[in-house]
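What follows is a single structure, written as structure tokens, with notes after it.
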Number of protein chains: 2
Amino acid sequence: MAPTETNKKTKYHHGDLRQALIASATNMVESEGVNGLSLRKLAEKVNVSRTAAYHHFKDKHDLLCAIAAQGFAQWQAMAEVISKDDSLSSREKFKQFFLKYIQFAINNAAIYELMFGHQLWQSEGDNSALKDVSYPCFQYQVEMTRLWQQQGIFPSSENPTRLAQVTWATMHGLAKLYIDGIYTQSSTIEDMCDTAINLLVINKPAN
Amino acid sequence: MAPTETNKKTKYHHGDLRQALIASATNMVESEGVNGLSLRKLAEKVNVSRTAAYHHFKDKHDLLCAIAAQGFAQWQAMAEVISKDDSLSSREKFKQFFLKYIQFAINNAAIYELMFGHQLWQSEGDNSALKDVSYPCFQYQVEMTRLWQQQGIFPSSENPTRLAQVTWATMHGLAKLYIDGIYTQSSTIEDMCDTAINLLVINKPAN
DNA sequence: AATAAATGTGGATATTACTCACATATTATT
DNA sequence: AATAATATGTGAGTAATATCCACATTTATT
């Protein structure tokens with residue numbers, strides 16, 4: 001997309017307002033939190049009228065869903081990198097998976113809140129866009145869990161979906177614990193992860 | 001309805017407006033979610049002026065903190081009942097603790113969201129009232145964890161605080177998973193809890 | 001070129017949290 | 001008991017917000 005527009009100073013149409021809105025909104029959410037995002041301030045920042053966004057997103061909820069969906073895509077990409085890294089043993093892959101998840105959540109705290117918060121999931125609005133991207137994301141983790149069971153890292157007696165849910169729950173709980181500062185101080189996050197992994201994983205038999 | 005208002009003398013002062021506000025606000029949060037609570041509608045419901053609440057709570061945030069604090073007190077009471085029940089073995093106590101926690105979260109979903117959500121914890125406002133009640137609550141769990149370690153339910157090699165953090169994280173993650181309907185269907189909550197407990201606890205040695 | 005569709009604009013509305021000046025009830029002090 | 005201080009109520013008003021509406025301009029389709 002490089003039409004002859006460079007010489008035009010003020011063009012009526014933006015060019016790619018939708019992407020500009022998502023990008024700028026993501027920034028605002030990251031820097032000021034979810035509640036720091038208002039459509040008016042957003043419009044100001046993108047130099048566009050207050051109501052322009054409504055031609056690209058049904059409402060604020062819809063815009064937030066788009067931001068969260070982007071977050072899921074990012075995490076999915078990271079997970080695939082770990083999964084396909086042949087230099088790692090299965091055991092190391094799980095550990096990396098766990099640690100990178102926490103790291104991702106911490107580095108994108110406000111986006112993470114959006115991805116997994118009640119604001120979008122519990123809303124009555126249409127969050128199918130969110131589910132469409134998050135569900136395969138979780139299914140991917142189920143598949144990895146299945147492999148980990150075969151490698152003896154998790155008990156093969158358990159249902160892989162349940163196992164994936166429990167490991168995700170633990171990761172999610174730790175991430176929230178850290179991000180919101182509940183029951184914890186920031187210095188202990190590594191210890192917490194170590195303890196969690198020790199508990200969840202079947203210990204390698206001493207040989 | 002339709003009370004004879006002619007002979008009824010409406011008092012200028014309410015009597016115990018603070019408690020009435022907390023109670024009614026709790027109801028509104030439970031039935032319509034956190035975002036369903038507006039101070040105006042609340043004032044209407046309690047039959048009081050829009051601004052009356054500001055004599056009892058600094059702002060909306062302050063009122064929400066009071067609701068959440070009440071939630072912590074309730075859970076603390078439930079935890080103590082389990083802990084002091086002599087008819088339960090230590091192992092059964094942990095299981096009960098885990099299951100009752102999830103049950104509490106599900107039965108009070110909106111309040112639970114308030115208790116552990118970013119809205120109050122991440123805010124810049126004063127949430128010391130919240131921390132004052134939630135911190136002892138967690139310390140209690142640490143003490144119980146210490147005992148469970150002595151009973152061989154958790155590895156004694158781990159730091160009890162870390163263990164309590166990890167078990168709380170798992171419980172919290174499962175509760176959120178269920179409540180928000182992320183990655184899960186409601187029918188599998190019991191299986192998920194079973195799997196979680198199996199993973200976290202040291203298996204009783206076959207005898 | 002004509003027309004339709006997409007994408008922009010400013011004006012308007014309803015809801016919201018919150019502030020302010022003031023009214024009335026309760027209590028503490030004399 | 002009288003009075004002062006304090007607690008607790010009221011209504012008017014403000015600023016911010018999400019969203020709707022009628023209309024303007026640009027782009028795509030025929």
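Select from the stretch A:62-120 those trypsin sites (Lys or Arg not before Pro) which occupy a DSSP coil region and have at most 16 other Cβ atoms within 10 Å, ordered by residue number. Before the final figure, lay out the partial values.
Details: sites: A:K84, A:R91, A:K93, A:K95, A:K100; in loops: A:K84.
Answer in residue order: A:K84.
Remark: label point of B:P155 defined 7 Å out from Cα along the Cα-Cβ vector; separations to the same position in other copies 1.7 nm, ascending. For A:L17 and B:S157, a Förster radius of 51 Å and the Cβ-Cβ distance give a FRET efficiency of 0.35, rounded to the nearest 0.05.
Once the Cβ-Cβ distance of B:E92 and A:N107 is raised to the sixth power relative to R0 = 30 Å, the FRET efficiency obtained is 0.15. Ranking of B:K41, A:K176 by solvent-accessible surface, largest first: B:K41, A:K176 (1.4 Å probe, protein heavy atoms only, all chains present). With N as its number of residues, the protein assembly as shown has a Cα radius of gyration that, divided by 2.2 N^0.38 Å, comes to 1.12.
Inter-copy label distances at A:R40, shortest first and taken from points set 7 Å along Cα to Cβ: 1.5 nm.
At an R0 of 22 angstrom, the distance between the Cβ atoms of A:R50 and A:A129 translates into a FRET efficiency of 0.40.
Note on the stretch B:108-184: the alpha carbon radius of gyration divided by the globular reference 2.2 N^0.38 Å gives 1.28. Springs join every pair of Cα atoms under 10 Å in this Gaussian network model of chain B, and among B:S38, B:S83, B:S157 the largest mean-square fluctuation is at B:S157. Here the dipole of the stretch A:59-200 is about 300 debye; that uses its Cα centre as origin and unit charges on the Cβ of Lys and Arg (positive) and Asp and Glu (negative). Rounded to the nearest 500, what is the 222 nm mean residue ellipticity of chain A from helices alone, with -39500 (n - 2.57) per DSSP H run of 4+ residues and division by all residues? Calculated at 222 nm, the ellipticity per residue is -21000 deg cm²/dmol.
The lysine pair count for the stretch B:61-200, using Cα distances under 23 Å and pairs eight or more places apart or on different chains, is 8. Over all other residues within a Cβ to Cβ distance under 12 Å of A:T195, the charged ones net out to -3, with Lys and Arg as +1 and Asp and Glu as -1. Largest GNM mean-square fluctuation across A:V81, A:V133, A:V34, computed for chain A with C-alpha springs under 10 Å, falls on A:V81. Under the convention that each Lys and Arg Cβ holds +1 and each Asp and Glu Cβ holds -1, the size of the dipole of the stretch A:15-56 around its Cα centre is about 160 debye. Its Kirkwood hydrodynamic radius, worked out from the mean inverse distance over all distinct Cα pairs, puts the stretch A:15-56 at 10.1 Å. Over all orientations, chain A has a Cα convex hull whose mean projected area works out to 15.3 square nanometres. Here the Karplus curve 6.51 cos²θ - 1.76 cosθ + 1.60, taken at θ = phi - 60°, turns the phi angles of the stretch A:67-72 into couplings of 5, 5, 4, 4, x, 4 Hz, with x standing for Gly and Pro.
Compute the signed sum of charges (Lys and Arg +1, Asp and Glu -1) over the other residues within less than 14 Å, Cβ to Cβ, of A:A53. Mind showing how you got there, number by number?
Details: positive: A:R18, A:R40, A:K41, A:K45, A:R50, A:K58, A:K60; negative: A:D16, A:E44, A:D59, A:D62.
Value of the local net charge: +3.
The values are calculated or read from the model by the stated rules, or taken from the named source; none is laboratory data. On a predicted model such as this, the values are computed, not experimentally measured, just so you know. Cβ: placed from backbone, ideal geometry, glycine included. Neighbour counts: every protein chain shown. Side chains included, ligands, DNA and RNA excluded: accessible areas come from the protein's heavy atoms. Shrake-Rupley method; radii C 1.70, N 1.55, O 1.52, S 1.80 Å.
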